[in-house]
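Right, one structure below, let's go through it.
The values are calculated or read from the model by the stated rules, or taken from the named source; none is laboratory data. Quick caveat: nothing in here was measured; it's all calculated off a predicted structure. Cβ coordinates were reconstructed from backbone atoms using ideal geometry, including for glycine residues, and neighbour counts include every protein chain displayed. The area values use the complete protein model at the heavy-atom level, side chains included, leaving out ligands, DNA and RNA. Shrake-Rupley method; radii C 1.70, N 1.55, O 1.52, S 1.80 Å.
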Amino acid sequence: MSGAFQSVPVIDISGLRSADIAERERVAAELGAAAREVGFFYISGTAVSDELFEKLLAATKEFFALPMDQKMASYIGLSSCHRGYVPVGEEGFYGDKPDFKEAFDTALDLPVDDPDHLAGNPMLGPNVWPDIPGFAETVTAYYQAALSVGRDLLWAFAVALQEDPDTFTRHATKTPSQLRLIYYPYNPDAEDAQGIGAHTDYECFTLLKPTAPGLEVLNGAGEWIDVPPIPGTFVVNVGDLLELWTNGEYVATSHRVRKVKEERYSFPLFFNVDYHTVVQPLPQFAAAGGPSRPALVAGEHLFAQTAQTFAYLRSRLESGDLVLPEGSLATGTFGQEALQSK
């Protein structure tokens, strides 16, 4: 269980690209310690350029400045694989009031004749793109750059756990990893209001780039700790699947966004493994003497959690047009809040 930390560590991961294996292993050990003790940390020294991020930010501002009817032309409820525009009120966690934000959801951009998409996979398929010159190219370039960082982290977590270095990366060949472009509008009357409710992330981990304060993380003592932006860094947090793979050794630390007055943009890359990957405690954790958590299918867990938090999918569940995969968990099953409610 993550401890009563009061701040989040900063780790330079440039050594993961070193030719010296000892240097790569040193950085991996540092990442592993942060994942075990905090569950949240900053990383610096990535190969993602500031110029690429600024281009992403400019394209995102251009999209959210469009009239509502033009944004709704890309409404996520029109997509068959959960891509596109998310209006204010569409998404909410654990029965909370709707989140006060807009978003645009993208992922691995597959062709319309992709076999998984044709088979009806709910999280794999083509992206939806607005009619903005260069938007798709800019978002895709950033997605690929962030995904590369994610692969390095996935390798490092396996090494930190003293597993085969390919333990996790072998399952990351065609992932439903999502990149969200999120916009919190300026609100001069905002006073400690909710932007995104307390939650964990459904995937392995999240690689986040925010432009303003608001993010808070729950420590093991039940206190909410600020995680403000630090120039030149990304924020990383452990997700549900790494918590499951380690049988709770790494905790998917609960976090939330508090509403701040200033305009805020946030860019989380939710790094996942392949849709059909069966995730269960690794033998070293399953044999630790305590109870072992039941296995989940990575993509089914992502879809089940998503279907319970998006209004357009919840309505399909309520009407019977959509059924959750067998063994799906309720929201709020992972993370500090789940631990502290037991």
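Here are the numbers:
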{"read-out": "Segment 241-263 residues that are farther than 18 Å from L218 by Cα, paired with ones that are among the β-branched types (V, I, T) and surrounded by 24 or more Cβ atoms within 10 Å (Cβ to Cβ) (beta carbon under 8 Å, 6 or more apart)", "value": "L241/V273"}
{"read-out": "Selected residue (criterion: modelled with the lowest pLDDT) from residues of segment 256-286 that are part of a strand (DSSP E or B) and over 19 Å from D105 (Cβ atoms)", "value": "K259"}
{"read-out": "Every residue from segment 16-29 that is surrounded by fewer than 20 Cβ atoms within 10 Å (Cβ to Cβ) and under 21 Å from the mean Cα position of the chain (by Cα)", "value": "none"}
{"read-out": "Residue count, segment 124-152 (criterion: of a type in the set (A, V, I, L, M) and on the phi > 0 side of the Ramachandran plot)", "value": "0"}
{"read-out": "Filtered residues of segment 204-227 (kept if within 24 Å of L57 (Cα to Cα) and among the acidic types (D, E))", "value": "E216, D226"}
{"read-out": "L317 being closer than 21 Å to Y75 by Cα, open to solvent by less than 40 Å² (accessible area, probe 1.4 Å) and either assigned to a loop (DSSP other than H, G, I, E, B) or not hydroxyl-bearing (S, T, Y) (or both)", "value": "no"}
